[in-house]
Amino acid sequence: MPLELSEVEKSRQRKSFLTILVLNSLLNLTLLACPPSAKAQAFSLAMAEGEISGTVLLEPDKRPASQVAVRLKSRVAGVFRSVLTDFEGHFRVRDLPRGTYDIAVDEDGYEAAQTSALLDGPSAKLVVYLKTRSGPIRQSRYTVSVRELKIPGKAHNEFENGLVRIAKNDPAGSVSHFTKAIHLFPGYFEAYYNLGVAEMTLRHTGEAIKDFQTSIDLSGGRYALAEFGYAYLLCQEGRPSEAEKMVRRGLEVEDAAPEGYVILGEALKQLNRLDEAEKSAHEALLRNPNYAGAYLVLSDIAERRGDYRSDIQNLDIYLRLQPNGPGSVLARKMRAEAQRTLTSSHPPD
């Protein structure tokens, strides 16, 4: 008969599970930044791709806007695409990594239309309306920035090589590439973030914190991923109040990121604000219903409340979504322990 785990051991296992989960989430965000040339080299990288399509219509009579430029920019992956609508106002952009995209449509005589789309499955569709221009011209925020154009080619190549090493499960090998990229372009806050993820994977917590903070400073607090990474490390260090403030700042910039809500849920759970933590996990699921990490937070909250049926149900959903994921073995162990506790507290008649 298996021995029951102590409360200390159960807490340790759940903390280890969260570590695996969040690291995997942050690494996935890192890998989504791989440009096409890097993706070709990273043969072991499982990247979900999809398409964004839609229709552009002219107000007020909703006529199709033909041969109008539609620009897409990924908030995470650094992907930029530009296409023209067809004669019926339709557009389609394929082979896109999942994530949130900012979309801009410009046409002479009309206001620049700006919207966003969350690609969390095979496809996303939208309708964009162009209104007749009145007053000052509103500039689009989603074109390639001057800063991005200034990144030297060699720095970009080193950044790509670092992403490839991460994709091949070689965080130690990625460190030198990200470091070289930073040397060539000191303002490369994306490289500092990815260097922080690599250092965090290697359990170099102090170095990772410095890298995330530098990324935050260089980006002027506009790069939410660095704040998510820093907040997670604060949770690991038992500083949930600071983590909550940090991750909330990141969510002000990137509200569509389920990763941020999972980390916020962990901070709130550590603060014993379980209702708020539960709400945060559900916010993650609103943004991505198949985001497995949210079910771990819900499982942990249920275990805290002594609701082992809900604990088991959430772990079952996690395992359906991630049957062979990085935390699946540990999830099965936790499920077995929850089942033993439930059975002992409700023995059969």
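The values are calculated or read from the model by the stated rules, or taken from the named source; none is laboratory data. What you see is a predicted model; the values in this text were computed from it and never measured. As a convention, Cβ positions derive from the backbone with ideal geometry for all residues, glycine included, and neighbour counts pool all protein chains shown. Heads up: the accessible areas ignore ligands, DNA and RNA and are worked out on the full protein's heavy atoms, side chains in. Shrake-Rupley method; radii C 1.70, N 1.55, O 1.52, S 1.80 Å.
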Condition check for Gly135: outside any strand (DSSP E or B), under 30 Å from Ala284 (Cα atoms), at pLDDT below 80 and not basic (Lys, Arg): no
Positions within segment 224-235 being within 12 Å of the chain's Cα centre (by Cα) and aromatic (Phe, Trp, Tyr), in sequence order: Phe228
Selection within segment 94-124 - of a type in the set (A, V, I, L, M, F, W, C) and farther than 24 Å from Leu225 by Cα: Val105, Ala112, Ala113
Single residue of segment 62-82 satisfying the filter (over 26 Å from Asp255 (Cβ atoms) and either part of a strand (DSSP E or B) or open to solvent by 40 Å² or more (accessible area, probe 1.4 Å) (or both)) that is modelled with the lowest pLDDT: Gln67
Residue list for segment 201-227, filter: charged (D, E, K, R) and not in a loop (DSSP other than H, G, I, E, B): Glu207, Lys210, Asp211, Asp217, Glu227
Qualifying residue in segment 254-273 (condition: more than 19 Å from the chain's Cα centre (by Cα) and either open to solvent by 70 Å² or more (accessible area, probe 1.4 Å) or of a type in the set (Gly, Ala, Ser) (or both)): yes
Any hit, segment 196-216, residues being at positive phi and either out of contact with any Asp or Glu (no Cβ under 6 Å at 6 or more places or on another chain) or at pLDDT 95 or above (or both): yes
